[in-house]
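Visitor: Sharing a structure with you now.
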Amino acid sequence: MKKIFVIAGEASGDSHGARLVAELKKINPSLEFYGLGGEKMLAAGVQVNTDLTRISALGLTDVLLNYFKYREIFYAALERVRQIKPDLIILIDYPGFNLRFAKKIARNIPIIYYISPQIWAWGRRRISVIRKFVDKLIVFFPFEKEMYDQARIPCTYVGHPLTDEIPEMVSITGSVKTLGLLPGSREKEVKRILPVLLEGAYLIYKKFTGINFLLSESSNIRESVYEEILTPFKDKLNIKILRGKPYEVIQDSDLLIVTSGTATLETALHGKPHILVYKAAWLTYFLGRMLIRVSFLGIVNVLSGKRIVPELIQTELTGKNVFKEATSLIKSTADREKQICAFRDIRKQLSVGNSAGLSAKEIANFLQTQATASASSKNT
C-alpha cells in the first residue's frame, strides 16, 4: 500500500491538493494520504496534521512574527514523515516552507513539486535548490515548462485545472450595476486591503448611486475581522456580504476589485473585468522590489505580455486611485471588452483538458517507475 505525504500552505493550494488527491484515488483507491493542508484536503481523505491555511502569514514580516509556530509545525511534519515513511512527497506551491522541507528530506524520499514556485517572477536562485532536491515538477503555465526545460529539470505541463472547473462566461452588460470586492483570503491581507477598497467604494457610490456592492468574505477568516473594518461604512454603503462563496460574488458582479493571487485568474476565467490590488508589509515589499524580475504582478498581465488589467500596488493602492480606475472601467464598455478578449486568449493558452487528471496520471506513472526501479535494484 503506497503512502503519499502532501503539503499545501494556502487556501488555493488546499483546493488544488484536494482535486489532485481525488484524481489519484480514482487511479488507485488504496493510496493513503497524509500531510499539511486545509479543510478541502481533509475532506478529500488526507490525514491532515496541521491546517496551515489558517495561519495568517503574508510575506517575510508576517513569517518572522510567526517564526516559532512555523518552526514547530515544520519539525513535527518531518517527524511525521519519519514515522509513516511515505513513498512520495508532493509539495504544493508555498516555496518558503516547502523548499526548506525538500532540503531536509535530502532525497531520502522522492519529491514531486506540484504548482511551481514563482521563480520566474522572483527568486531564480531557487532553481538550483529545485534541481538538487526535487525529482519532478508539474506546472500550470507553458512558460514555466520552457524555463525548467532550459534548466534541465524534469517537468510536465498539464494546463491549468481552473479552466476545467470554471465555465467560460464572456457576456457583458451595457452598464456596471454591481461591483464586487475580493480583499483576499488571509487575515493580514484583509486588514491591509479591505479598508482601502471600502474608501474607494464610498467614492464610487457617491458618483454612481445606482451601483450595488458585493463583498466576498473568506471562511478562513473570523467574521469579527470584517465586522470591525465595515463598522465605519455601515451608514455610508449598502454592501451585500457573501461568506465562503467567492465564485458567486464573481458571477454576480459586472466589475470587480481583486487582491492579487489565484482569485485574479479565477476572475479572468469567469470573463469578468477587474482591477488588481495588493499591499504587503513594508519590509516584504522593499525586499520584493529588489528581487522581482517581471513588469507585472498579475498573471493575466504576465501571460498577455502587457497591461490588460490595471494594477494598484502598495503606495498606489489608495481610495482615490481605486475610484479613478473603477470610474474609467465603469464608463468605458470598450475597455471592459478589451479585458474580456484577453481573458478568452488566456483560457485558450491554459486549456488542456482534465488538468488534475493528467497530473494524477503523471504521479501514478512516477510511482510505478520508482517501484520498478526499486524492484530491479533488489534483484541485482
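Visitor: I'm trying to understand the selection: among the residues of region 173-192, which are of a type in the set (K, R) and farther than 16 Å from L214 by Cα?
Guide: Taking region 173-192 first, the residues of a type in the set (K, R) are 177, 186, 188, 191-192.
The answer is R186, K188, K191, R192.
Visitor: Which residue out of G184, G180, G159 is in a loop (DSSP other than H, G, I, E, B), surrounded by 14 or more Cβ atoms within 10 Å (Cβ to Cβ) and at pLDDT 95 or above? Working first, answer last.
Guide: Working: G184 fails: at pLDDT 95 or above; G180 fails: in a loop (DSSP other than H, G, I, E, B).
Matching residue, one of G184, G180, G159: G159.
Visitor: Cβ-Cβ below 6 Å, separation at least six or inter-chain, first residue in region 79-105 and on the phi < 0 side of the Ramachandran plot, second assigned to a helix (DSSP H, G or I) and of a type in the set (S, T, N, Q): which pairs?
Guide: Listed by first residue and then by second, the contacts come to L91/N98.
Visitor: Further question: Counting just the residues of region 12-32 that are over 18 Å from T163 (Cα atoms) and touching a Lys or Arg at 6+ places or on another chain (Cβ under 8 Å), which one comes out surrounded by the fewest Cβ atoms within 10 Å (Cβ to Cβ)?
Guide: S30
Visitor: Scan region 325-352 and report the pairs whose first residue is of a type in the set (D, E, K, R) and whose second residue is exposed (fewer than 15 other Cβ atoms within 10 Å of the Cβ), with Cβ atoms within less than 8 Å and a gap of 6+ or a chain change.
Guide: Filtered contacts from region 325-352: D335/S328; R344/E168; R344/V170; R347/E168.
Visitor: Looking at (1) in contact (Cβ under 8 Å) with a residue 12 or more places away in the chain; (2) over 15 Å from I346 (Cα atoms), find the lone condition where D149 falls short.
Guide: All conditions pass for D149, except number (1).
Visitor: OK, next. If you take the residues in region 279-314 that are at pLDDT 90 or above and out of contact with any Phe, Trp or Tyr (no Cβ under 9 Å at 6 or more places or on another chain), which one is surrounded by the fewest Cβ atoms within 10 Å (Cβ to Cβ)?
Guide: Filtering first and then ranking leaves N301.
Visitor: (1) farther than 26 Å from S304 by Cα; (2) buried (at least 17 other Cβ atoms within 10 Å of the Cβ); (3) touching a Ser or Thr at 6+ places or on another chain (Cβ under 7 Å): which one isn't true of I221, the others all being true?
Guide: Here I221 clears every test but (3).
Visitor: Could you identify the single residue in I166, I241 that is touching a residue at least 12 places away in the same chain (Cβ under 8 Å), surrounded by fewer than 21 Cβ atoms within 10 Å (Cβ to Cβ) and not assigned by TED's automatic domain parsing to the domain that holds I330?
Guide: I166
The values are calculated or read from the model by the stated rules, or taken from the named source; none is laboratory data. The model shown is predicted, which means the values in this text are computed figures rather than measured ones. Glycine gets a Cβ as well: all are built from the backbone with ideal geometry, and neighbour counts include every protein chain shown.
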